[in-house]
1. Looking only at the stretch 58-98, count how many residues are outside any helix (DSSP H, G or I) and more than 37 Å from the chain's Cα centre (by Cα).
2. Exactly one condition in (1) closer than 19 Å to Glu86 by Cβ; (2) touching a strand residue (DSSP E or B) at 6+ places or on another chain (Cβ under 6 Å); (3) away from the ligand (no atom under 16 Å from the Cβ) is false for Lys217; which is it?
3. With respect to Ala166, determine if the residue is touching a residue at least 12 places away in the same chain (Cβ under 8 Å), over 20 Å from Pro8 (Cβ atoms), among the hydrophobic types (A, V, I, L, M, F, W, C) and surrounded by fewer than 20 Cβ atoms within 10 Å (Cβ to Cβ).
4. Quick check, is Thr21 more than 15 Å from the ligand (Cβ to nearest atom) and β-branched (Val, Ile, Thr)?
5. Exactly one condition in (1) touching a residue at least 40 places away in the same chain (Cβ under 8 Å); (2) in a helix (DSSP H, G or I) is false for Val118; which is it?
6. Out of Thr11, Thr4, Thr21, Thr43, report the one residue that is of a type outside the set (Lys, Arg), within 13 Å of the chain's Cα centre (by Cα) and within 24 Å of Leu174 (Cβ to Cβ).
7. Looking only at residues that are outside any helix (DSSP H, G or I) and touching a residue at least 12 places away in the same chain (Cβ under 8 Å) in the stretch 127-141, which one is surrounded by the most Cβ atoms within 10 Å (Cβ to Cβ)?
8. For the stretch 199-214, which residues satisfy the criterion of being near the ligand (Cβ under 7 Å from one of its atoms) and out of contact with any helix residue (DSSP H, G or I) (no Cβ under 8 Å at 6 or more places or on another chain)?
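The values are calculated or read from the model by the stated rules, or taken from the named source; none is laboratory data. Keep in mind the model is a prediction, meaning the values are calculated, not measured. Here the Cβ positions follow ideal geometry from the backbone for every residue, glycine too, while neighbour counts run over all protein chains shown.
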Amino acid sequence: MTTTRFAPSPTGYIHIGNLRTALFNYLIARKAGGQFILRLDDTDPERSKQEYADAIMEDLEWLGLTWDRVEKQSERLARYEAAADELRASGRLYECFETPVELDLKRKKQLNMGKPPVYDRSGLNLSDAEREALRSERGNGHWRFRLDLERIEWHDGILGDLSIDAASVSDPVLIRGDGQFLYTPASVCDDIDFGITHVVRGSDHVTNTATQIQIIKALGGTVPEFAHHSLLTGPQGEALSKRLGTLSLRDLRAQGLEPMAILSHMARLGSSDPIELRTGMDELIEGFDLSKFGSAPTKFDVEDLRPLTAKYIGTLPYETMAAQLAEIGVPADIAPAFWEAVRGNLETRADIADWWALCRDGAEPLIEPEDAEFVTTAKALLPATPWDTTTWGVWTKAVKAETGRKGKGLFMPLRKALTGMQHGPDMSRLMPLLAKVNL
Ligand code: GLU
């Protein structure tokens, strides 16, 4: 069964870049009728916070990316311990005692000599006596996985055939000196145990994938299909990393952006398919094809989400909006007509309340000096209430006959006088809803 996972660390809020990873994995699982697992990579007890785990789940729920089960790495430490023992027994895990400063120095020396900064495996060559001495002097060491020095090859679902020379990569640290398991061993054990068939993640993980393939094999697991999507940049191609803090899903939600607008955009951005608004998740799942995504960095502009949001809100039927309209005080008898009038003129849902305030309280008329006389004439011709959808036509016809104005010169000053704005809903639909006119 196709099984994918989204594996955020609960050390912060998820942002648009994480969402891309989550969405791709979600769509693959759903398209195949498989499983989508939410995995919380929380082996770091200091940085992982329950409030972030809760926030991640809340954000995914808001988007409608439902998961089949949640797994927490912090609850699987015994399994990682067993895997480490297995690797020790097969000679693939070795203890090292360098301090971060020493490692840094080694790297600098290598770079100075024009060599790649690959760990020199000093730890591997220690005698038992040397190891004991170091341990008593420095405490427990950290543990590295001994890579087989061969080319590691895989067919990447986005990048195509890849090959990385293991000799160009440092033996990865799996366990810190204080015993904390790092992301790599935990992720590998989980991918094996949960039967993960497809791993899609950012291209910053390509080297991790190479080493993880060897660790998976060393533990007797089945290597999943890997795919690495490009990283997002800002609209001008600039690095997005610094701005991701303002592109959290919470921020987007606070700005009134709609889940379906975000999902429609992100499920196709960077692919050869056009970006179009989809109103249902099924459509997104149906048309998703990982092989249509390219390796080039993908430009993301939050502004692109705004027209999609407006368009999405415009598609919503009254039945979907009834509760929200009632909440802002639109009486049920006029709510359907009100929704029909305003739905095409909303940037976000927050605008609904503004239009309702306009209907309820009237607007401050906007009258240009050159239109003052015209508006006074028009006011005298206003039909008696109650108004209906024919009122605007009747009124403007009368004003036209009286003043000789037509087209924009006729309609625009009247719209501005009644609504205080240049743009807005169809006046025939709006006029019957105006409970108050401050002319
Ligand atoms: N917690 C890791 C990250 O957020 C997961 C990477 C992976 O998908 O394996 O980068």
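1. Qualifying residue count, the stretch 58-98: 8.
2. (2)
3. Yes.
4. Judged against the criteria, Thr21 is not a match.
5. Unmet for Val118, out of (1) touching a residue at least 40 places away in the same chain (Cβ under 8 Å); (2) in a helix (DSSP H, G or I): (2).
6. So the residue among Thr11, Thr4, Thr21, Thr43 that is of a type outside the set (Lys, Arg), within 13 Å of the chain's Cα centre (by Cα) and within 24 Å of Leu174 (Cβ to Cβ) is Thr21.
7. Gly141
8. The answer is His205, and nothing else.
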